[in-house]
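Before any comments, here is the structure.
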Amino acid sequence: MMVTTHVAAGLLLATPVAVVAPAFALPAAVGAVLGGVLPDVDLFVGVHRKTLHFPVYYSVAGAATAGAALLAPGPFLVGAALFFLAAGFHSASDWLGAGDELRPWERTSQRAVYLHPRRAWLRPRYLIRYDGAPEDFALTFVLAVPATVTFDGWIRALVVGGILLAFGYTLVRKRVPEWLGV
Ligand SMILES: [Zn+2]
């Protein structure tokens with residue numbers, strides 16, 4: 001799935017926080033955006049879908065920090081909870097997409113995301129056929145709608161920008177490997 005889809009999913013988790021506790025809207029949104037993006041930094045360092053993808057550990061950390069944030073609400077704990085929840089959701093949902101290959105529609109890779117506690121790769125489920133598939137864009141759009149309504153200012157601008165970016169990427173997705181010369 002596209003990073004915009006993961007960010008939109010993270011912001012969907014932050015939306016109820018913004019509605020219930022507007023004072024924590026900003027840390028919740030920042031945590032969600034960072035958590036949605038961070039795992040895919042391993043595209044550039046380490047092994048993609050393994051080095052910074054932790055479906056289990058991020059989620060456990062997210063549940064723990066969310067519990068702590070409910071007991072002792074504060075901007076840092078709220079931001080940390082949304083960060084870990086969004087990163088966990090990102091890592092887990094990569095399982096539902098394609099493998100870690102440059103042309104995922106060819107389905108030659110069996111590696112969707114690495115499950116560290118099991119020391120094994122989860123096989124792609126192809127519910128979203130590949131990142132930048134039309135259904136992936138639809139998911140970005142649908143997941144982002146509540147955030148565009150709830151948040152304002154630069155967060156709303158970021159979400160709208162993300163939707164436009166996702167749309168452009170979806171249009172050219174299949175030509176990207178050519179452009180990269182691979
Ligand atoms: Zn990912």
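Annotations for the structure displayed:
- Helix axis angle, 153-172 relative to the chain longest principal axis, alpha carbon, degrees: 10 degrees
- The convex hull drawn around the Cα atoms of the chain, when projected onto a plane and averaged over every direction, covers 10.1 nm².
- A 1.4 Å probe run over region 3-180, with the rest of the protein chains in place, finds 51 Å² accessible per residue.
- For the chain, the relative contact order is 25 percent, taking Cα pairs closer than 8 Å that sit 6 or more residues apart in sequence and dividing their mean separation by the residue count.
- With every protein chain in place, the chain: carbon and sulfur % of accessible area (1.4 Å): 71 percent
- Of all the options 15, 150, 108, the one that moves most in a Gaussian network model of the chain with Cα springs shorter than 10 angstrom is 108.
- The modelled label-to-label distance for the pair residue 47/residue 179, using points 7 Å beyond Cα in the direction of Cβ, is 3.0 nm.
- Calculated FRET efficiency for the pair residue 23/residue 64, C-beta based, R₀ 30 Å, to 0.05: 0.85
- Signed unit charges on C-beta, dipole axis of the chain, positive-most listed residue 165, 51, 81: 51
- Summarising the label geometry, the points placed 7 Å from Cα in the beta-carbon direction at residue 149 and residue 125 lie 2.6 nm from one another.
- Segment residue 56-residue 142, length gained on full extension (0.36 nm per residue, minus Cα span): 28.4 nm
- Spatially, region 129-182 and region 49-66 are offset by 24 Å when compared through their Cα centroids.
- Theoretical gain in end-to-end length, residue 76 to residue 102 [0.36 nm per residue, Cα-Cα removed]: 5.7 nm
The values are calculated or read from the model by the stated rules, or taken from the named source; none is laboratory data. Quick caveat: nothing in here was measured; it's all calculated off a predicted structure. A quick note on method: Cβ atoms are made from the backbone with ideal geometry, for glycine too, and the neighbour counts reach across all protein chains shown. These area figures cover heavy atoms from the full protein model, side chains too; ligands, DNA and RNA do not enter into them. Shrake-Rupley method; radii C 1.70, N 1.55, O 1.52, S 1.80 Å.
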